[in-house]
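All remarks here apply to the structure that follows.
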Amino acid sequence: MSKRRDEHGTTGGGPQRIGELLGRLMARQGYAERQVAEEMEAWWNQAAGAAWGAQSRPGKFSRGILHVVVRNSAVLQELTFQKRALLARLGELSQGKVRDLRLRVGEFD
């Protein structure tokens, strides 16, 4: 017979590890996604530098691929030329989390 769980996924009654509790809370509140987005923004700005960082924004990050939106085709072409160096720097900054880079022209704030 299994124990009945409440809406928080706990069986109630026993002590729980704080890491598990915080992990569930962060997942529910979307903190993990926000933290990843902030990390990607910081890593991208460091790797790309101030000039290119102002002309581009990191977007979706999934399965080691960082998608970056750039302001126009000239920026796209220049960053494509620099892709190897950018990936090397992003790999260092992210401790290997960023393994590939996809660039596309688009609008951003």
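Could you count how many residues in the stretch 52-68 are among the hydrophobic types (A, V, I, L, M, F, W, C), part of a strand (DSSP E or B) and surrounded by 18 or more Cβ atoms within 10 Å (Cβ to Cβ)?
So the answer is 3.
Residues in the stretch 33-46: is at least one of a type outside the set (A, V, I, L, M, F, W, C), surrounded by 11 or more Cβ atoms within 10 Å (Cβ to Cβ) and at pLDDT below 65? No, because not a single residue in the stretch 33-46 is of a type outside the set (A, V, I, L, M, F, W, C), surrounded by 11 or more Cβ atoms within 10 Å (Cβ to Cβ) and at pLDDT below 65. Six or more apart or on different chains, Cβ under 6 Å: which pairs go from a residue in the stretch 34-48 that's of a type outside the set (A, V, I, L, M, F, W, C) to one that's assigned to a helix (DSSP H, G or I)? Could you list them? Hits for this filter: Asn45/Gly53; Gln46/Leu93.
Looking across the stretch 82-109, the residues that are part of a helix (DSSP H, G or I) and over 15 Å from Arg57 (Cβ atoms) come down to Lys83, Arg84, Ala85, Leu87, Ala88, Arg89, Gly91, Glu92, Leu93.
The values are calculated or read from the model by the stated rules, or taken from the named source; none is laboratory data. Source: prediction; values computed, not measured. A quick note on method: Cβ atoms are made from the backbone with ideal geometry, for glycine too, and the neighbour counts reach across all protein chains shown.
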